[in-house]
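What follows is a single structure, written as structure tokens, with notes after it.
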Amino acid sequence: MAVVTLQVNDTTVAVPAGVPLLQALAAAGVALPTLCHHPRLSPVAACRLCLVELEGASRPLPACVTAAAEGQRLRTDTPALQAGRRLIVELLFAEGNHPCAVCVANGDCELQDAARHVGMDLVSVPYRHPSRQVDASHPLFLLDHHRCILCSRCVRVCDEIEGAHVWAMANRGSATRLIAGLDQPWGTVDSCTSCGKCVAVCPTGALVAREDVPLGRWPTP
Amino acid sequence: MAPETPFPQPPGRLIEVLHQRQQQHGHLSRTTLAMVAQELRLPPAHVYGVASFYHLFRLTPPTPHRCGICFGTACLLRGAAALAAAQAQRLGVRLDDPAGDGLWSLETVSCLGACGLAPVLVMDGVPRRAEAP
Amino acid sequence: MRDGETAPVQLRLCDASGCRAAGAGALAAALGAALEGGGGQGPRPRLKPVGCLRLCSHGPLLALDHGGASALYGGLTAEQVPTLLAIACNHPGGHDGDRDPRRRALEAHRLDSHHPFFALQHPLVLETCGLVDPTDLDDALAHGAYRQLQRLLATATPAQVRAEVRRSGLRGRGGAGYPTGLKWDTVALQPPAPRLVVANGDEGDPGAFMDRSVLEGDPHRLLEGLAIAAYAVGARHGYIYVRAEYPLAIERLLRAVVQAMERGLLGQADPATGFAFVPELRVGAGAYVCGEETALLASIAGGRGIPRQRPPFPAQAGLAGCPTLINNIETLAALPALLRMGGEAYAAIGPAACPGTKVFSVSGSVVRTGLVEVPMGISLRTVVQTMAGGVPGGIGADGGIKAVQTGGPSGGCLPAALLDTPIDYEGLRALGSSLGSGGLVVLDHSCAMPELARHFMAFCAGESCGKCIPCRAGTVQLADLLERLMQRRATAADLDLIEQLAAVVQRTSLCGLGQTAPNPLVSTLRHFRHEYSERLLPDEPWLS
Ligand SMILES: Cc1cc2nc3c(=O)[nH]c(=O)nc-3n(C[C@H](O)[C@H](O)[C@H](O)COP(=O)(O)O)c2cc1C
Ligand code: SF4
Ligand code: FES
């Protein structure tokens, strides 16, 4: 495969032509937070945290889906990009209910990592405190919608790798929510194989295994 | 509203089928959605996801009569909000509550492209000019 | 002319949804009954349902063609039918002519066809809208439908058609103003594979009804334009996506497709070139974002209308991965006239950078609302003041106009002081607004700009697909903050946050919906900032 040379924040790197720019960033030792991206799943470019500025492009482009090409010059650290990333993470924290202190994923959460990465010290947009549900109907796993950031990794892993098609997004806009089957309790969806892949790819504590949760905190189905 | 088209429709028939079923049954119940999923060999979650994405698909039964008020820009400027309030009072229902009073419900609708006649009222599907209150 | 040279007496009744809502149905029934039972003398006038006659605010509209001349009436009711028919049939009508009070009453409904609203129009897209019966293929053929398609199939190669469109300088009417010829070349020059064409009739911008009028009034013109586009890029299959809120347009279009297929105008291989084109209709289900081209493709495929990151552009990889040409209804409907006059002649209309005519739907606080087709580059003032008459009862040099909202939820507001701006894509964009698809909503001084911004922001929040975070969460926050401002509970810090959020949503959103959602807010902040600042809570320095 042809190799292309490009510049990331003044570092010159060489990567195979056409690979996502994220690989070029990695080669240059530049890390950007990513939430919707997963290396084994189709990219959706939804979280907008990996946006980079490409010389000659009219607006920033997501590194997770933009193809590397010869001679590109990109920046990841302009003030506009940094401000944007930070506000996006703040919007996520304000959109759901994320009380880290009582979350199973505390310390092992990609949303926390992203917040640390962008240097979030307070959330400047008003918290929305949505009223959401917990689905504890599955014998092995739990789904806490309060912590879901709608990255759709679980939907994709179940469609693309497990082939069980348990999950989908329902509604739209800020009412978007993850559903199992015909918007039914997860435990009642026949096609679920209980493989646990959705739990494994969840970046936050929205999908967790019962065994990881301190005893007694959740009802059993 | 689902038109019969004279051409075979191989892949993306879902939205059309949902239109057809809604026309038959008035709304899309979970049973209907399950049947559609089976017929088209689609995952139920996908069918529900599509049905809940579009404003015009109703997942709960509609009231026998419905009054719509266009909230497009032109209508809004010509008093759609006041019109909605007046209608809500007249009918004794809340705006955008699909259950209404069991007989009538009042909903906002998106621009009907009849801005020349603003403010526009839609009584049981028939748009007409409303006198501004 | 099928109707013969003797110019029969004809009543053209607007049967588009605007006039229907204004009572055209009752008028049609009364006319029909009167003509059925009608008196014996004289030739019977023919009643012909037609598409939009332009001046929607005065509907139901009716044109009487008589002895080579036309008279347009507005707001007639069933009572006036006998008098109208008496005139149509040349009856002196009981008493002596003009002194008849019923005649005088009818004359009061007569509209002045020399008024600038009509006189300044330059119909190309709408050249036969209002003249042809949209349900009658023979009538459309008599008015020249499909003639350009047949001429091009017989005499021009696809490359020549593309060259002609390039020469015309036509730019897409869907909002972005992308050069149509260039887009066609991109599709045509992709590696060999099936190609598809799509007509975008989602028209969700509140305040826009140009595409609906084409579909309701002259559906064969769209079909001809779409078939020409298909020939030019090498497609044999196409989709027409129409929003479900337009049932009459769907009905007319469907009938037109069946007629054209049955007559062999579409669907059958052209003997010379082997070109055969099959259009298929797809109906939306209420989602503004489906007008965005990648969401449109997802919806045609039967899924949720969720956009995806471009590139690849649909012209490179669209439906089922095939190169797919997506054009707006008006863009396609401009083609028959454009190709008849030739690219050069079309390019000579309007400014060089943005030639041709554009249809605008004028609504809001104006005397005359309706459809106008005018050359690009005309000033906003000409359209909203000279043609549409400004605000009813409005006084002053600007006719009581405070601002004009263009481009719907992705556009902006231009203050009356800028009414002399010529209308074109770059000009409006430079002023922080946008031409959008052609909706012009006139605002009077009772309109509060922050309230308008809040309305559009709430609209975008409700129409956001929910995929990307800045748009899904940002528009909701902005709508709430603007609501807070309207309730006079916002501080200067909140206004700062509003501006920061607006910039991030514009810059980082995935698709055009999020990228343009803050435009009405940003443009009103630019031109009417004081309306925001005067609503802020006073600074309370002792609190900080
Ligand atoms: C949110 C959004 C809504 C849109 N709605 C429409 C629409 O209703 N009709 C339309 O023709 N184009 C619409 N567009 C523009 C289309 O994406 C596309 O640019 C256009 O159909 C291309 O046709 P044209 O080149 O003939 O203008 C919309 C774009 C966005 C981002
Ligand atoms: S900008 Fe809005 S509409 Fe577009 S993809 Fe993002 S969430 Fe969806
Ligand atoms: S990782 Fe690229 S947009 Fe989410």
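The values are calculated or read from the model by the stated rules, or taken from the named source; none is laboratory data. As the structure is a computational prediction, the values presented were derived from the model and not from experiment. Neighbour counts are summed over all protein chains in view; Cβ atoms, including those assigned to glycine, are modelled from backbone coordinates with ideal geometry.
Checking the structure you have, find out if any residue of the range C:223-234 is within 10 Å of another protein chain (Cβ to nearest Cβ) and either closer than 30 Å to B:V126 by Cα or touching a residue at least 24 places away in the same chain (Cβ under 8 Å) (or both). No, every residue in the range C:223-234 fails to be within 10 Å of another protein chain (Cβ to nearest Cβ) and either closer than 30 Å to B:V126 by Cα or touching a residue at least 24 places away in the same chain (Cβ under 8 Å) (or both). Summed over the range C:400-409, the residues that are surrounded by fewer than 24 Cβ atoms within 10 Å (Cβ to Cβ) and touching a helix residue (DSSP H, G or I) at 6+ places or on another chain (Cβ under 7 Å) give a count of 1.
Highlighted here are the strands (runs of 3 or more DSSP E) found entirely within the range B:32-133 that include at least 3 residues which are within 13 Å of the chain's Cα centre (by Cα) and within 14 Å of chain C (Cβ to nearest Cβ): B:65-70, B:104-109.
Note on the range C:480-539: residues that are within 16 Å of ligand 1 (Cβ to nearest atom) and of a type in the set (S, T, Y) total 3.
In the range C:510-544, the qualifying residues are those that are buried (at least 20 other Cβ atoms within 10 Å of the Cβ) and within 16 Å of ligand 3 (Cβ to nearest atom), and the one that is farthest from the chain's Cα centre (by Cα) is C:L510.
Conditions tested, residue by residue: (1) closer than 25 Å to C:A353 by Cα; (2) not aliphatic (A, V, I, L, M).
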{"position": "C:D136", "(1), (2)": "no, yes"}
{"position": "C:H143", "(1), (2)": "no, yes"}
{"position": "C:R147", "(1), (2)": "no, yes"}
{"position": "C:G172", "(1), (2)": "yes, yes"}
{"position": "C:P191", "(1), (2)": "no, yes"}
{"position": "C:V198", "(1), (2)": "no, no"}
{"position": "C:G217", "(1), (2)": "no, yes"}
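Please specify each residue of the range A:108-128 satisfying the condition of being among the basic types (K, R) and more than 15 Å from A:C148 (Cα to Cα). Of everything in the range A:108-128, just one residue is among the basic types (K, R) and more than 15 Å from A:C148 (Cα to Cα), namely A:R116.
Of all residues in the range C:473-485, those being facing chain A (nearest Cβ under 7 Å) and touching a residue at least 12 places away in the same chain (Cβ under 8 Å) number 3. Restricting C:L152, C:L126, C:L182 to those that are more than 16 Å from ligand 1 (Cβ to nearest atom), of a type in the set (A, V, I, L, M) and out of contact with any strand residue (DSSP E or B) (no Cβ under 8 Å at 6 or more places or on another chain) reduces the list to C:L152.
With the condition kept exactly as written, say whether any residue in the range C:198-209 is of a type in the set (F, W, Y) and in contact (Cβ under 8 Å) with a residue 12 or more places away in the chain.
Scanning the range C:198-209 turns up at least one residue that is of a type in the set (F, W, Y) and in contact (Cβ under 8 Å) with a residue 12 or more places away in the chain.
Looking across the range C:212-244, the residues that are among the charged types (D, E, K, R), crowded, with 24+ Cβ neighbours inside 10 Å and in contact with a Leu (Cβ under 9 Å, 6 or more places away or on another chain) come down to C:R212, C:E216, C:D218, C:R221, C:E224. Among all residues of the range C:164-172, there is at least one that is small (G, A, S), part of a helix (DSSP H, G or I) and surrounded by 17 or more Cβ atoms within 10 Å (Cβ to Cβ). Within this structure, A:A80 fails the test of being within 14 Å of ligand 3 (Cβ to nearest atom) and among the aliphatic types (A, V, I, L, M).
Residue pairs whose Cβ atoms lie under 6 Å apart, sitting 6 or more positions apart in sequence or on different chains, and linking a residue in the range C:124-150 that is over 20 Å from C:L72 (Cα atoms) and of a type in the set (S, T, N, Q) to a partner that is at pLDDT 95 or above and crowded, with 23+ Cβ neighbours inside 10 Å, are C:Q148/C:P336; C:Q148/C:L339. Among the residues of the range C:228-243, those identified as assigned to a helix (DSSP H, G or I), under 19 Å from C:I300 (Cβ atoms) and over 20 Å from the mean Cα position of the chain (by Cα) are C:A230, C:V233. Taken together, A:A175, A:A168 contain a single residue that is more than 21 Å from A:A105 (Cβ to Cβ), within 14 Å of chain C (Cβ to nearest Cβ) and crowded, with 19+ Cβ neighbours inside 10 Å, which is A:A168. Look at the range A:47-72: where a residue is of a type in the set (V, I, T) and a partner is outside any loop (DSSP other than H, G, I, E, B) and within 15 Å of ligand 2 (Cβ to nearest atom), sitting 6+ places away or on another chain with Cβ atoms under 9 Å, you get A:V52/A:L61; A:V52/A:P62. Tell me, please, whether a residue that is part of a helix (DSSP H, G or I), at pLDDT below 90, more than 22 Å from C:A105 (Cα to Cα) and outside the structural domain of C:A249 (by TED's automatic domain parsing) can be found in the range C:57-74. Looking through the range C:57-74, none of the residues is part of a helix (DSSP H, G or I), at pLDDT below 90, more than 22 Å from C:A105 (Cα to Cα) and outside the structural domain of C:A249 (by TED's automatic domain parsing). Of A:V4, A:V8, all but one fail to be surrounded by 21 or more Cβ atoms within 10 Å (Cβ to Cβ) and more than 16 Å from ligand 2 (Cβ to nearest atom); the exception is A:V8. Applying the criterion of being crowded, with 19+ Cβ neighbours inside 10 Å and aliphatic (A, V, I, L, M) to the residues of the range A:18-29, the residue that is farthest from ligand 2 (Cβ to nearest atom) is A:A28. The residues of the range C:203-221 that are of a type in the set (D, E, K, R), facing chain B (nearest Cβ under 9 Å) and part of a loop (DSSP other than H, G, I, E, B), listed by number, are C:E203, C:D205.
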